[in-house]
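*Asks:* The structure is given below, and queries will be raised subsequently.
The values are calculated or read from the model by the stated rules, or taken from the named source; none is laboratory data. On a predicted model such as this, the values are computed, not experimentally measured, just so you know. With ideal geometry, Cβ positions are generated from the backbone for all residues, glycine too; neighbour counts draw on all protein chains shown.
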């Protein structure tokens, strides 16, 4: 079972995503008078060298929704570069949400085995509601 941790906006604690608790987060509180909307997406191949996301795609985004599709990856989103044996593990089909531009900019991933992973990322921005 892979472990993914989310910071809950409801009670500001870290909660573990697991098979028993597959989605322990509350929807991020909306900023009054605004809404988020998808602006771009991309497919990234994660091979044996750590890669990040494409700045031209995520520019001005507030959130990224990432899903590995073909193989397991390891990742960090706070600066360090993952290796095939260090970093958070993310299994195929398990989604990851990066909240905030710093997490998006600092996201790096690498495959864990011999098979490269395809990941899909969708980016969201915030706009005023009229």
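*Asks:* Considering every residue within the stretch 26-49, establish whether at least one is within 14 Å of the chain's Cα centre (by Cα), at pLDDT 95 or above and in a loop (DSSP other than H, G, I, E, B).
*Replies:* no
*Asks:* Show the residue pairs that are 6+ apart or on different chains and have beta-carbon atoms under 8 Å apart, the first residue being within the stretch 53-78 and at positive phi and in contact (Cβ under 8 Å) with a residue 24 or more places away in the chain, the second being surrounded by fewer than 22 Cβ atoms within 10 Å (Cβ to Cβ) and part of a strand (DSSP E or B).
*Replies:* Taking only residues 6 or more apart or on different chains, the pairs are 60/39; 60/125.
*Asks:* Also: For the stretch 95-102, does any single residue satisfy the condition of being closer than 21 Å to residue 48 by Cβ and surrounded by fewer than 15 Cβ atoms within 10 Å (Cβ to Cβ)?
*Replies:* Looking for residues that are closer than 21 Å to residue 48 by Cβ and surrounded by fewer than 15 Cβ atoms within 10 Å (Cβ to Cβ), one finds none in the stretch 95-102, hence no.
*Asks:* Sort out which residues of the stretch 62-80 are in contact with a strand residue (DSSP E or B) (Cβ under 9 Å, 6 or more places away or on another chain) and exposed (fewer than 15 other Cβ atoms within 10 Å of the Cβ), and write them in order of number.
*Replies:* Those that are in contact with a strand residue (DSSP E or B) (Cβ under 9 Å, 6 or more places away or on another chain) and exposed (fewer than 15 other Cβ atoms within 10 Å of the Cβ): 69, 79, 80.
*Asks:* In this structure, does residue 118 turn out to be touching a residue at least 60 places away in the same chain (Cβ under 8 Å), crowded, with 17+ Cβ neighbours inside 10 Å and in a strand (DSSP E or B)?
*Replies:* The answer is no for residue 118.
*Asks:* Only one of 66, 104 is modelled with pLDDT of 95 or more and out of contact with any helix residue (DSSP H, G or I) (no Cβ under 9 Å at 6 or more places or on another chain); which?
*Replies:* Result: 66 is the single residue among 66, 104 that is modelled with pLDDT of 95 or more and out of contact with any helix residue (DSSP H, G or I) (no Cβ under 9 Å at 6 or more places or on another chain).
*Asks:* In the stretch 60-77, what residues are part of a strand (DSSP E or B) and more than 18 Å from residue 39 (Cβ to Cβ)?
*Replies:* 68, 73, 74, 75, 76
*Asks:* For residues that are over 17 Å from residue 45 (Cα atoms) and assigned to a loop (DSSP other than H, G, I, E, B), tally how many sit in the stretch 78-115.
*Replies:* Number of matching residues: 6.
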